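Heads up: the structure comes next, in structure tokens.
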Amino acid sequence: MYQILRTILFYFSPESVHHFSMKMLKLICSTLPGRKLLAALFTNKDPQLITTFLGLPFRNPVGLAAGFDKNAEYLRELECLGFGFVEIGTVTPLGQPGNDKPRVFRLPKDQALINRMGFNNEGVKAVAARLKKWKERREAESPGNRSRMIIGGNIGKNKVTPNEEAWKDYETCFNELHPYVDYFVVNVSSPNTPGLRALQEKESLRKILVHLQGLNNAKKTARPVFLKIAPDLTNEQLDDVAALAVEIKLDGLVATNTTISREGLSRESESVSRETGGLSGKPLQQRSTGVLKYLVNKTKGQVPVIASGGIFTGADAREKMEAGARLVQVWTGFIYVGPGIVKKITRTLHP
Ligand SMILES: Cc1cc2nc3c(=O)[nH]c(=O)nc-3n(C[C@H](O)[C@H](O)[C@H](O)COP(=O)(O)O)c2cc1C
């Protein structure tokens, strides 16, 4: 069914399809019967799927990766589609438009996407206000409900902020979102903000992460802090990340973001592959799993990892978990497999 719909949707630009589909989903979810129908179709309520991780009760281990719901606009809808968790953002202190359109491209033959969005978002204050409202409404609708979707806050720096002052942007986002998210991800690995990935250098990372840990410890409730890394780091850079994560007792890592590599693409993708930006989906899968294994090995499993990169099926998710991931996230797979992706994956995790 989704295959037919997908053929039609793929005639239109990826960004307009994204907004159109999410608006349709919002319309369906605006009524209780609509929400019930979607939840019945797409939510897997198997209690065996509940995964307690870093003290948080995930209703299942399949999440939506950052960049899909940048402004926390579709949480109720994504909850109906069965996600165990959604990572909102990347959010920056000030709203920014991102790069000029078109900035997302499909590579259907390779089940991939290239994007150069450039952290378009409404800014942390607007996003925090929306999260506050959402939390209040959810509490009013189902007080004390424990089987809730977990929310992660993925934070970044504004394009105009120089790298030396990046820590201030992370601090601003951290403080504003702290009351409303369950965990944080520090994003220094997007290829679409000039110079951002230089922050993956050990001493830059230490400065940002240790600073956030200090702020976190001063709060009444500390939130787990993760670091999201690029799949393009060299082994030496990965060694540095692993050593630092163990040394400062980082709560976890997200492996990985999109890649700047264009390796292994089919000839049909040749012209689109020249677009600048990060490549995601199937061609990223192996490299991303390689990085995951490397980190689990280097940290001797002391630093939990969330896997992101090329997950489309239950077998893909299981492969990541067997490589040491505690949770998995999808993004490009959601576009190619459709709204049933969480149910399909979770069904095979616990048949
Ligand atoms: C259009 C698009 C926008 C994205 N935006 C972000 C973002 O804002 N922050 C981030 O950390 N990752 C972002 N990502 C990366 C995804 O979160 C994910 O890590 C990556 O796509 C690999 O997973 P996948 O192969 O399942 O897509 C984006 C990916 C896509 C395709």
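Selection of first residues in segment 24-39 that are part of a helix (DSSP H, G or I) and of second residues that are small (Gly, Ala, Ser), restricted to Cβ pairs under 7 Å at least 6 apart or on distinct chains, gives the following pairs, ordered by first then second residue: ILE28/GLY34. Selection within segment 228-237: residues that are more than 16 Å from VAL186 (Cα to Cα) and not acidic (Asp, Glu). The member of this set that is surrounded by the most Cβ atoms within 10 Å (Cβ to Cβ) is LEU233. The residues in segment 114-129 that are in contact with a Phe, Trp or Tyr (Cβ under 7 Å, 6 or more places away or on another chain) and either more than 10 Å from the ligand (Cβ to nearest atom) or small (Gly, Ala, Ser) (or both) can be counted, and the count is 1. Quick check, is ASP169 more than 16 Å from the ligand (Cβ to nearest atom), modelled with pLDDT of 95 or more and either in contact with a Phe, Trp or Tyr (Cβ under 9 Å, 6 or more places away or on another chain) or closer than 17 Å to ASN121 by Cβ (or both)? Judged against the criteria, ASP169 is not a match. When LYS343, LYS320 are checked against the criterion of being surrounded by 16 or more Cβ atoms within 10 Å (Cβ to Cβ), of a type in the set (Lys, Arg), touching a residue at least 24 places away in the same chain (Cβ under 8 Å) and more than 16 Å from the ligand (Cβ to nearest atom), a single residue qualifies: LYS343. Filtering segment 14-56 to residues that are of a type in the set (Ser, Thr, Tyr) and under 22 Å from the mean Cα position of the chain (by Cα) leaves SER16, SER21, THR43, THR51, THR52. For segment 178-192, the tally of residues that are under 28 Å from LYS132 (Cα atoms), within 10 Å of the ligand (Cβ to nearest atom) and either in a loop (DSSP other than H, G, I, E, B) or free of Cβ contacts under 8 Å to residues at least 24 places away in the same chain (or both) stands at 3.
Residues in segment 114-142 that are of a type in the set (Gly, Ala, Ser) and either under 25 Å from THR172 (Cα atoms) or assigned to a helix (DSSP H, G or I) (or both): GLY118, GLY123, ALA126, ALA128, ALA129, ALA140. Filter segment 97-113 for residues that are more than 10 Å from the ligand (Cβ to nearest atom) and in a loop (DSSP other than H, G, I, E, B); which is farthest from SER261 (Cα to Cα)? That would be PRO97. If you go through segment 270-306 and keep only what is among the hydrophobic types (A, V, I, L, M, F, W, C) and out of contact with any Ser or Thr (no Cβ under 7 Å at 6 or more places or on another chain), you end up with VAL272, LEU292, LEU295, VAL296, VAL303, VAL305, ILE306.
The condition of being surrounded by 15 or more Cβ atoms within 10 Å (Cβ to Cβ), away from the ligand (no atom under 15 Å from the Cβ) and either modelled with pLDDT of 95 or more or among the hydroxyl-bearing types (Ser, Thr, Tyr) (or both) holds for only one of LEU250, LEU292, that being LEU250.
Just wondering, is there one or more residues in segment 45-54 that are in a helix (DSSP H, G or I) and more than 20 Å from ILE311 (Cα to Cα)? Checked against the condition, which is being in a helix (DSSP H, G or I) and more than 20 Å from ILE311 (Cα to Cα), segment 45-54 yields at least one hit.
Picking from residues in segment 80-114 that are crowded, with 24+ Cβ neighbours inside 10 Å and out of contact with any helix residue (DSSP H, G or I) (no Cβ under 8 Å at 6 or more places or on another chain), the one that is nearest to PHE226 (Cα to Cα) is GLU87.
The values are calculated or read from the model by the stated rules, or taken from the named source; none is laboratory data. Just so you know, these numbers come straight off a predicted model, no measurement behind them. Here the Cβ is made from the backbone with ideal geometry for all residues, glycine too, and neighbour counts use every protein chain on show.
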